Amino acid sequence: MYEEVTILKIGDSIVVPIQVELHDSSAKTLQENILQKIERFGSQGLIIDVSAVLIIDSFLGRVLIDTASMAKLMGAETVVVGMRKEVVLTLLHLGLTMKNLHTALNIEDGFSLLNRLTSSISGNLLGVSHDKKATT
Amino acid sequence: MSNINLKVADILDKNREALLDSWQQQLIVNTRVLVSEVGFNSIKSYSEQVLLSFIDSLTQDLSAEEDRFSQTRVLLKEFIAKIDFNNVDFVEVVNFILTLKSSVTNLLIKESDACISESILNLTSWFDDLTFYIFSICIETRESLIREQQRAFMDVSVPVVRLWNQILMIPLVGMLDSSRTQQMMETMLGALEDYQSRVAILDISGIPVVDTLVARHLITAASAARLMGAECIITGVRARISQTLVQLGVDLSGFITRSTLADGFATALKITGQQIG
């Protein structure tokens, strides 16, 4: 039975505070729901708050990484916030360093990181178009 | 069987004075450091007690499973507890009982008749047993000492310093092995959680040699900080260390590294958007 996880839309971003223990199937369902919301709102940022999650196993870790890559394909940057220290230690034991995942201490920091990420992307794009103009 | 034991006990008891004398002579010759450490009078009284309890235990009629020398063991343990193992070698402590063995054997051979040869076999196994007992106590004593020191060392070895608002610093000193890394990570993560610090500086100025193992531990710690959502800066990367790291093919490119703590601190201030003064 899938316990509904709230998915909030705040401005251009989507915030997912995970408050329940996720099983393998519910994690997959959540992933799908998140991606659908991104599609519907055209969001540019995704914040997953895991501060209430006590256990992240290799599967859930994998799902988080995958979700981030999928969101990225849809044009949204992902930040995972509020990981507990016990969770961090288990993830390291499992050998998941999550190099490609952006992380922040709390939601607030997550938002500022997201702002930096999205603004740097648009900055790059402007820079590229500017260069093109200069060469032509 | 018990008849022989009684006979041996009888012979030993009759020649107790001579036996004690020969034992103590041998102790002085073979375990000089031990005698000077514990003191001659103390060794004299202990050797007397051990011999008495030994003879006494021979006279007891016991089944095979029962421990014949429980009383002797207690005495030996008490005796060993007095020894400071920084000064005395294991071998000398073991010699304490082995010299008694040779004294007793000599005496029995001198008094020998037909059945005594069998009792010498018994004697050998008894003394082997007691020797192993002494060995195990010695090793246990030393190991507990080592464990204690390790724990004490652990406690002082991983301080987490709160350098500035949102900036933590962990000075790493000495060798970085897995258990210390684990301890350091736990302390660091706990502090990051408590202070909600955005930057953790790992200062490796105090680490003499960085090999692949140390590098791997560093990467683990830095990844841990990053998973929490904090930035990790590794400082104190001297010329020698950077050379070895590159030669070993260790990839630290994902982390901010600086040669001095001062530089690292400046970077940390920049990251957190702070200024001093």
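The values are calculated or read from the model by the stated rules, or taken from the named source; none is laboratory data. Predicted model, so just to flag it, every value in this text is computed and none were measured. Cβ: placed from backbone, ideal geometry, glycine included. Neighbour counts: every protein chain shown. Just the protein is used for accessible areas: all its heavy atoms, side chains included, with ligands, DNA and RNA removed. Shrake-Rupley method; radii C 1.70, N 1.55, O 1.52, S 1.80 Å.
Going by a ≥ b ≥ c, the root eigenvalues of the Cα gyration tensor, does region B:2-154 fall in the rounded group (a/c under 1.5), the prolate group (a/b larger than b/c) or the oblate group?
Prolate, since a/c reaches 1.5 and a/b exceeds b/c.
Round to the nearest 10 and give me the degree value, 0 to 90, for the angle of helix A:107-135's Cα axis relative to the longest principal axis of chain A.
30 degrees
Relative contact order, percent, of chain B when contacts are C-alpha pairs under 8 Å separated by at least 6 residues?
13 percent
Please work out the Cα convex hull volume for region B:161-272 and give it in Å³ per residue.
That works out to 85 Å³ per residue.
So how many Lys-Lys pairs in region A:8-135 land under 21 Å Cα to Cα, not counting same-chain pairs under 8 apart?
Taking the Cα cut-off of 21 Å, the pair count is 8.
Rounded to the nearest Å, what's the spacing between the alpha carbon centres of region B:30-72 and region B:203-277? Just the number, please.
When both Cα centres are located, 59 Å separates them.
Quick check for you: which residues of region B:248-268 have the amide N under 20 Å from the point 7 Å beyond the Cα of B:Arg216 toward its beta carbon?
B:248-255, by backbone N distance to the label point.
Give the residue from A:Ser25, B:Leu20, B:Gly273 lying farthest towards the positive end of the charge dipole for the protein assembly as shown; charges sit on Cβ (+1 for Lys and Arg, -1 for Asp and Glu) and the dipole is referred to the Cα centre.
B:Gly273
What Kirkwood hydrodynamic radius do you get for region A:1-101 when you take the inverse of the mean 1/r over all pairs of distinct Cα atoms, in Å?
13.6 Å
Skipping prolines and chain starts, which residues have an amide H placed within reach, meaning under 5 Å, of the one on A:Val15, given they are 5 or more residues away or on another chain?
For A:Val15, the qualifying residues are A:Leu8, A:Lys9, A:Ile10, A:Ile47.
Got a number for carbon plus sulfur as a percent of the protein assembly as shown's accessible area, 1.4 Å probe?
Exposed carbon and sulfur together represent 53 percent of the surface.
Averaged across B:194-204, how many Cβ atoms of other chains sit within 10 Å of each residue's Cβ atom?
Per residue, the number of nearby Cβ atoms from other chains is 1 on average.
Which ³J(HN,Hα) values in Hz, rounded to whole numbers, follow from the phi angles of region B:184-193 under the Karplus curve 6.51 cos²θ - 1.76 cosθ + 1.60, where θ = phi - 60° and Gly and Pro get x?
With coefficients 6.51, -1.76 and 1.60, one gets 5, 5, 4, 4, 5, 5, x, 5, 4, 5 Hz.
So how many Lys-Lys pairs in chain B land under 21 Å Cα to Cα, not counting same-chain pairs under 8 apart?
For chain B, the number of qualifying lysine pairs is 10.
Quick one: what are the phi-derived ³J(HN,Hα) couplings along region A:52-68, Karplus 6.51/-1.76/1.60 with θ = phi - 60°, whole Hz, x for glycine and proline?
So the J values, rounded to whole Hz, are 9, 8, 8, 10, 10, 8, 5, 5, 4, x, 4, 4, 4, 4, 4, 4, 4.
Quick check on region B:1-90: take the gyration tensor over C-alpha atoms, sort the square-rooted eigenvalues as a ≥ b ≥ c, and tell me if it's rounded (a/c under 1.5), prolate or oblate.
Judged from the Cα gyration tensor, region B:1-90 comes out oblate (a/c at least 1.5, b/c at or above a/b).
To the nearest 100 Å², how much accessible surface do chains B and A cover up together, summed over both, with a 1.4 Å probe?
The contact between A and B buries close to 1500 Å².
Output the relative contact order of region B:161-272, whole-number percent, from Cα pairs under 8 angstrom with separation of 6+ residues.
Reported relative contact order: 28 percent.
Counting partner chain Cβ atoms within 10 Å of every residue's Cβ in A:87-94, what's the average?
5
When the helix-only estimate is applied to chain B (DSSP H runs of n ≥ 4, each -39,500 (n - 2.57), divided by the residue count), what is the mean residue ellipticity at 222 nm, nearest 500 deg cm²/dmol?
The helix contribution divided over chain B gives -22500 deg cm²/dmol.
Not counting ligands, DNA or RNA, and with a 1.4 Å probe, what is B:Ser36's accessible surface area in Å² rounded to the nearest 10?
90 Å²
If you keep only loop residues by DSSP, which GluC sites (Glu not before Pro) in region A:14-105 have at most 15 other Cβ atoms within 10 Å of their Cβ?
Loop-located and lightly packed - A:Glu21.
Counting only other chains, and only Cβ atoms inside 10 Å, what mean value do you get across the residues of A:14-24?
Partner Cβ neighbours, averaged per residue: 0.
Put +1 on the Cβ of each Lys and Arg and -1 on the Cβ of each Asp and Glu in region B:2-154; which of B:Leu121, B:Val93, B:Leu108 then has its Cα farthest toward the positive end of the dipole?
Of B:Leu121, B:Val93, B:Leu108, it is B:Val93.
Take every DSSP beta bridge whose two residues both sit in the protein assembly as shown, then give the antiparallel share in percent to the nearest 5.
20 percent
Mind jotting down a quarter of the surface of the convex hull over the alpha carbons of the protein assembly as shown, in square nanometres, one decimal?
Computing the convex hull of the Cα atoms and averaging its projections yields 34.4 nm².
Using DSSP to call loops (not H, G, I, E or B), can you name the trypsin sites (Lys or Arg not before Pro) in region B:228-271 whose Cβ has at most 14 other Cβ atoms within 10 angstrom?
Those satisfying the criteria are B:Arg238.
Report the normalised scattering of chain B as log10 I(q)/I(0) at q = 0.09 Å⁻¹, calculated by the Debye formula with identical scatterers on the alpha carbons.
-0.62
Using helices alone, I'd like the mean residue ellipticity at 222 nm for chain A: each DSSP H run of four-plus residues gives -39500 (n - 2.57), total over residue count, nearest 500.
Theoretical 222 nm ellipticity from helices: -18000 deg cm²/dmol.
Please report the relative contact order for chain A, taking Cα pairs under 8 Å with a sequence separation of at least 6, and give it as a percent rounded to a whole number.
About 21 percent, as a whole number.
Evaluate the distance, in nm, between pseudo-label points positioned 7 Å from the Cα of B:Ser117 and of B:Asn87 along their respective Cα→Cβ axes.
Taking the simple label geometry, B:Ser117 and B:Asn87 are separated by 4.6 nm.
Tell me, in nm to one decimal, what length is gained between B:Glu17 and B:Asp56 on full extension, where the rule is 0.36 nm per residue of separation less the Cα-Cα distance?
Gain in length upon complete extension: 12.5 nm.
Please compute the per residue accessible area over region B:161-272 with all protein chains in place, 1.4 Å probe, rounded to a whole number of Å².
I get 43 Å² per residue for this part.
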